[in-house]
Amino acid sequence: MLVHLVQVFFECFSRNFPFLQYDDVSRRMFNGTLSPLLANSIASLAARHSQSSDVLVRGASAVSNTYTDMAKVGVLSVLSEPVFHLTDHPHTQRLLHDSSHVPYIEILHAVIVLAWSEYKAGRMAGPTEYSQVRLRLIAVPLLGDVDL
């Protein structure tokens with residue numbers, strides 16, 4: 001389903017996210033180097049616009065919310081801030097492990113996409129919360145080794 005959702009994302013939102021390129025994201029998805037954090041953020045936004053029968057049978061909102069929840073787990077694990085309750089979802093441990101090696105720029109990109117997804121879902125607190133996270137992420141490379 002991720003292949004389809006990446007295509008939908010770029011068809012619908014490429015002009016909104018010029019820092020993400022279809023060729024780069026697709027290549028990383030196929031060779032296994034696309035972080036689960038960014039993949040889940042992209043899928044969370046794209047699912048609401050998918051016409052795939054797999055998505056429609058499950059419900060676009062439900063599929064989007066599942067990817068959003070997994071992206072949130074990834075963001076929080078990277079920032080080590082237990083704001084949300086982590087569940088024993090089977091993919092959570094893999095996501096937590098995989099996200100620990102994600103470069104800051106990819107985390108920043110994922111947070112921007114996730115904030116947009118929350119906005120499109122009508123959850124206005126999300127974009128404000130993620131704006132604060134983005135500011136902290138931007139400050140890290142500028143300030144050096146600081147405690148988030």
Name the residues in the stretch 12-52 that are open to solvent by less than 80 Å² (accessible area, probe 1.4 Å), free of Cβ contacts under 8 Å to residues at least 12 places away in the same chain and in a helix (DSSP H, G or I), would you? Asp24, Arg28
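Based on what the data block shows, is Ala60 open to solvent by less than 20 Å² (accessible area, probe 1.4 Å), closer than 14 Å to Ser117 by Cα and either within 16 Å of the chain's Cα centre (by Cα) or not hydroxyl-bearing (Ser, Thr, Tyr) (or both)? Before you say what the answer is, go through the steps one by one.
Numbers: open to solvent by less than 20 Å² (accessible area, probe 1.4 Å): no; closer than 14 Å to Ser117 by Cα: yes; either within 16 Å of the chain's Cα centre (by Cα) or not hydroxyl-bearing (Ser, Thr, Tyr) (or both): yes.
When the stated conditions are applied, Ala60 does not pass them.
The values are calculated or read from the model by the stated rules, or taken from the named source; none is laboratory data. Nothing here was measured: the structure is a model prediction, and the numbers come from that model. So basically every Cβ, Gly included, is an ideal-geometry build from the backbone, and we count neighbours across all protein chains shown. For accessibility, only protein heavy atoms count, side chains too; no ligands or nucleic acids. Shrake-Rupley method; radii C 1.70, N 1.55, O 1.52, S 1.80 Å.
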